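Below is one structure, written out as structure tokens, with a few remarks after it.
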Amino acid sequence: MEPINIYSGSEVISRIYVEEGIETLEGYLEGYQHVFVVMDGEVAMKCPVAYEVSQMLNRRGVPGMLVEATEEAKCMDTVMNICGWLLDNGADRDALVLAIGGGITTDMVGFASSIYKRGVRFAHMPTTLLSQVDAAIGGKTGVNFGGYKNMLGTIRQPEFTFICPQVLESLPMEAFQAGAAEMLKTFMIEDNGHYHAAVDFLKRLTADFIAVCEDDSTLSYQEDKWPEVLAARLHELTPLIAAAVRVKAGIVSRDQFENGERRKLNLGHTFAHAIESLSHKYHNDIDHGHAVALGMVYAARLAERLELAEPGLAAAIERDLDESLLLIINPYPLERMAGAMRKDKKAADGKVHFVLPRSIGDVTVQDLTVDEAIGLLS
Ligand SMILES: NC(=O)c1ccc[n+]([C@@H]2O[C@H](COP(=O)([O-])OP(=O)(O)OC[C@H]3O[C@@H](n4cnc5c(N)ncnc54)[C@H](O)[C@@H]3O)[C@@H](O)[C@H]2O)c1
């Protein structure tokens with residue numbers, strides 16, 4: 001597949017390769033003399049494809065380091081450990097640091113690489129759907145700090161991002177759903193016919209999953225069955241990943257430093273962050289994918305109340321998300337969500353940039369206070 005490029009003006013500043021197999025990765029590393037790999041330790045253990053890559057890198061004599069990919073470990077200490085390890089291993093200005101893992105790993109490795117020796121080159125091999133369609137594209141790097149997510153970071157583009165959907169074979173269901181929600185979000189921003197294709201794909205996966213669970217005659221979802229269900233349909237996912245990457249690469253090319261259009265990628269996230277922080281506080285365990293899905297429904301409802309969208313859009317999105325196993329009942333009343341939204345760092349000066357869908361594939365940004373938004377939704 002032709003690379004998907006990110007541009008600054010007419011200059012290509014990052015390339016994304018979406019490939020069915022991992023064989024071509026070695027070729028993309030050819031031009032780099034000193035490669036260093038930083039990998040999520042769990043991925044090294046659980047993902048056979050990533051293990052194969054690590055064996056290939058071993059044979060090339062590439063030094064490797066394992067990191068822990070949790071939000072707690074996504075901090076300056078880990079970044080300092082990565083920098084210390086690079087120093088101990090003689091990494092110089094000509095180094096290429098390859099991150100293998102999900103968004104936590106690519107964010108941390110991108111950050112460490114962007115400050116080590118005032119910046120060395122880095123590349124990503126994302127291993128979650130979320131990082132393939134979102135986190136590993138666009139050059140945002142960072143760590144959590146002071147109780148806030150991604151408070152410290154830089155914007156610096158990877159040399160390239162190598163996406164191989166085969167790595168998703170070992171991805172747990174919850175992590176897949178986080179990526180699926182972000183993929184639908186991307187197509188709600190820019191559709192080109194992919195939103196409904198993605199929903200149809202998710203519906204087929206859901207039907208397969210339910211059939212496999214029913215076979216076992218227990219009446220509950222068995223998430224351990226998810227990887228085999230997904231593996232059978234991964235080939236259908238590849239073009240959707242490529243389409244989502246194209247949308248994000250286009251937005252980043254037009255607004256690398258988030259002065260305008262790039263904000264659209266936050267669709268649903270103001271509500272989602274509030275739900276996630278309440279879930280954290282009350283130990284309800286609502287994961288990112290379900291929070292983003294609810295966030296998109298609230299954004300659509302708000303668009304309807306502001307008469308930006310035709311009545312019925314929110315209900316249609318809700319139905320799509322439900323049939324894709326992405327919808328849950330929100331346990332939090334709006335007033336409680338308002339409290340959490342006011343604490344969001346992005347709402348600090350009163351107004352929040354709400355990203356609102358006018359229709360599938362067309363969103364607009366509207367500045368409202370939290371009280372205005374919640375008042376309209378009540
Ligand atoms: N830089 C950006 O633009 C951007 C955008 C969105 C999100 N993010 C960040 O991304 C992070 C979330 O990333 P994520 O959801 O991709 O994943 P993650 O790195 O949080 O990984 C999720 C879990 O899946 C495991 N895992 C990863 N790949 C696997 C595989 N192939 N098989 C089995 N297990 C696997 C990990 O070990 C981890 O336990 C957040 O910290 C968020 O802030 C960054």
Among Leu98, Leu86, the single one that is closer than 13 Å to Ser114 by Cα, under 21 Å from the mean Cα position of the chain (by Cα), buried (at least 17 other Cβ atoms within 10 Å of the Cβ) and hydrophobic (A, V, I, L, M, F, W, C) is Leu98
Taking region 93-128 and keeping only residues that are among the aliphatic types (A, V, I, L, M) and part of a strand (DSSP E or B), one is left with Ala95, Leu96, Val97, Leu98, Ala99, Ile100, Ala123, Met125
Condition (residue is free of Cβ contacts under 8 Å to residues at least 40 places away in the same chain, part of a loop (DSSP other than H, G, I, E, B) and either of a type in the set (A, V, I, L, M, F, W, C) or farther than 12 Å from Lys185 by Cβ (or both)) applied to region 287-304: is it met by at least one residue? no
Result of the Cβ filter at 6 Å on region 70-85, keeping first residues that are over 12 Å from Phe145 (Cβ atoms) and without any contact (Cβ under 8 Å) to a residue 40 or more places away in the chain and partners that are part of a helix (DSSP H, G or I) and away from the ligand (no atom under 15 Å from the Cβ), at least 6 apart or interchain, is Cys83/Tyr116
Being over 21 Å from the mean Cα position of the chain (by Cα) and within 16 Å of the ligand (Cβ to nearest atom) narrows Val53, Val38, Val79 down to just Val53
Residues in region 53-70 that are aliphatic (A, V, I, L, M) and in a helix (DSSP H, G or I) total 3
Scanning region 147-171 for residues that are in contact with a strand residue (DSSP E or B) (Cβ under 9 Å, 6 or more places away or on another chain) and either part of a loop (DSSP other than H, G, I, E, B) or of a type in the set (S, T, N, Q) (or both) gives Asn150, Gly153, Thr154, Arg156, Gln157, Pro158, Glu159, Thr161, Cys164
Regarding Gly90, is this residue part of a loop (DSSP other than H, G, I, E, B), away from the ligand (no atom under 16 Å from the Cβ) and at pLDDT 95 or above?
yes
Across (1) part of a helix (DSSP H, G or I); (2) more than 14 Å from Met188 (Cβ to Cβ), Asp320 clears everything bar (2)
Q) In this structure, does Arg342 turn out to be part of a helix (DSSP H, G or I), of a type in the set (D, E, K, R) and in contact with a Leu (Cβ under 7 Å, 6 or more places away or on another chain)? A) no
Restricted to region 20-35 and to residues being within 27 Å of Met173 (Cα to Cα) and buried (at least 17 other Cβ atoms within 10 Å of the Cβ), the residue nearest to the ligand (Cβ to nearest atom) is Ile22
Over region 174-200, the set of residues within 11 Å of the ligand (Cβ to nearest atom) and either among the aliphatic types (A, V, I, L, M) or under 28 Å from Thr78 (Cα atoms) (or both) is Glu174, Ala175, Phe176, Gln177, Ala178, Gly179, Ala181, Glu182
Within region 286-311, residues being surrounded by fewer than 24 Cβ atoms within 10 Å (Cβ to Cβ) and farther than 18 Å from Thr364 by Cα number 3
Of the candidates Gly139, Gly153, Gly147, the one satisfying the condition of being surrounded by fewer than 24 Cβ atoms within 10 Å (Cβ to Cβ) and away from the ligand (no atom under 11 Å from the Cβ) is Gly147
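The values are calculated or read from the model by the stated rules, or taken from the named source; none is laboratory data. The structure presented is a predicted model; accordingly, all values stated were derived computationally and were not measured. When we count neighbours, we look across all protein chains shown, and the Cβ atoms used for this are built from the backbone with ideal geometry, even at glycine.
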